[in-house]
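The values are calculated or read from the model by the stated rules, or taken from the named source; none is laboratory data. As the structure is a prediction and not an experimental result, all values here were calculated from the model. For neighbour counting, all protein chains shown are included, and Cβ atoms are generated from backbone atoms with ideal geometry for every residue, glycine included.
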Amino acid sequence: MWYPKYQKAITLSYDDGIYQDKRLVELLNRYGLKATFNINTGLCDPSHDFIIHGHTISHLSWNDMKTIYRGHEVAVHTLTHPHLTHLSDQEVLDEINRDINNIQNIFHIEPVGMVYPYGSYDDRIVNLIKETKLRYARTVESNHSTHLQEDLLRFRPTCHQHDPLIHHIVEDFLNNTSNHPQILYIWGHSYEGDVDHMWEDIEALFKKIAFQPGIYYGTNEDVLLPFSSIQIK
């Protein structure tokens, strides 16, 4: 439990298990930051490459992931990244549980969290997740808040790394003197460094939030789960 030793925590989350994660992890490690990487273990070969604005986005191999993600959390993003709300109950559970099993076999860990592909979820999907051992699930709906959240299976991140309000949000968080626990949760995709020419912006953000006194830096699991059994007022 990082609170009450720390009043603030920062955690980051990146999706899809892609080649640009290697450069991202180098930056994270340089600045002492921790992230969770949400991977699709059924897409780890060149036939599943995709193109965004002329940039080819390649998924990492299982072997590469084992090395690159060392020291960070690996979480579920389903086997093949479908819109879960378009699937039957059994198909949803297959997508999630096969990803869980692959992560267990690759990393020798039991994943505890996931991210909804495309942010696609509803009450039915949440209830199906309750049948698994997963304990948190992130949406893509920014709430521009750093307050604790009661529902970790519909967890809303603070903001995307491309959010136009991110610098204002970060400044407010760093200057906040509240005695209540605060969590800054930023998410994105490492390919945005290439596609949107964001690498300098990403490094500037990491430099700004890193090595701050009184702030705990952890993975999603480290930061979120200590509060999973607490009733948030």
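Name every residue in the range 35-69 that is within 18 Å of D194 (Cβ to Cβ) and in contact with a Cys (Cβ under 7 Å, 6 or more places away or on another chain), in order of residue number. Scanning the range 35-69 gives H59, L60. The criterion of being β-branched (V, I, T) and in contact with a Ser or Thr (Cβ under 6 Å, 6 or more places away or on another chain) does not hold for T56. For the range 39-62, indicate whether the set of residues that are surrounded by 13 or more Cβ atoms within 10 Å (Cβ to Cβ) and closer than 25 Å to T146 by Cβ is non-empty. Scanning the range 39-62, I find no residue that is surrounded by 13 or more Cβ atoms within 10 Å (Cβ to Cβ) and closer than 25 Å to T146 by Cβ, so the answer is no. When I166, I125 are checked against the criterion of being over 21 Å from L24 (Cβ atoms), without any contact (Cβ under 8 Å) to a residue 60 or more places away in the chain and over 16 Å from the mean Cα position of the chain (by Cα), I125 stands alone in meeting it.
Would you mind finding the one in A75, A137 that is among the aliphatic types (A, V, I, L, M), in contact (Cβ under 8 Å) with a residue 40 or more places away in the chain, in contact with a strand residue (DSSP E or B) (Cβ under 7 Å, 6 or more places away or on another chain) and within 21 Å of L224 (Cα to Cα)? Even if it seems obvious, please write down each step before you answer.
Working: A137 fails: in contact (Cβ under 8 Å) with a residue 40 or more places away in the chain.
Going through A75, A137 in turn, just one is among the aliphatic types (A, V, I, L, M), in contact (Cβ under 8 Å) with a residue 40 or more places away in the chain, in contact with a strand residue (DSSP E or B) (Cβ under 7 Å, 6 or more places away or on another chain) and within 21 Å of L224 (Cα to Cα): A75.
If you go through the range 25-47 and pick out every residue that is modelled with pLDDT under 95 and farther than 15 Å from D15 by Cα, you end up with 3.
Of all the listed residues (K34, K22, K66), the sole one being buried (at least 21 other Cβ atoms within 10 Å of the Cβ) and of a type outside the set (A, V, I, L, M, F, W, C) is K34. A single entry from T80, T41 fulfils the requirement of being under 23 Å from E221 (Cα atoms), touching a residue at least 60 places away in the same chain (Cβ under 8 Å) and among the hydroxyl-bearing types (S, T, Y): T41.
Among the residues of the range 200-229, those identified as surrounded by fewer than 18 Cβ atoms within 10 Å (Cβ to Cβ), touching a residue at least 12 places away in the same chain (Cβ under 8 Å) and farther than 26 Å from T56 by Cβ are K207, K208, A210, F211, Q212, G214, D222, L225, P226, S228.
Which of the helices (runs of 4 or more DSSP H) contained wholly in the range 125-212 include at least 3 residues that are under 17 Å from A35 (Cα atoms)? Can you show your working first?
Values: elements: 166-175, 192-195, 199-209.
Passing ranges, in order: 199-209.
List the number of the failed condition for R156; all other conditions in (1) without any contact (Cβ under 8 Å) to a residue 40 or more places away in the chain; (2) farther than 17 Å from Y116 by Cβ hold. All conditions are met except number (2).
Residues that are loosely packed, with under 13 Cβ neighbours inside 10 Å and in contact with a helix residue (DSSP H, G or I) (Cβ under 9 Å, 6 or more places away or on another chain) within the range 172-199 are absent altogether.
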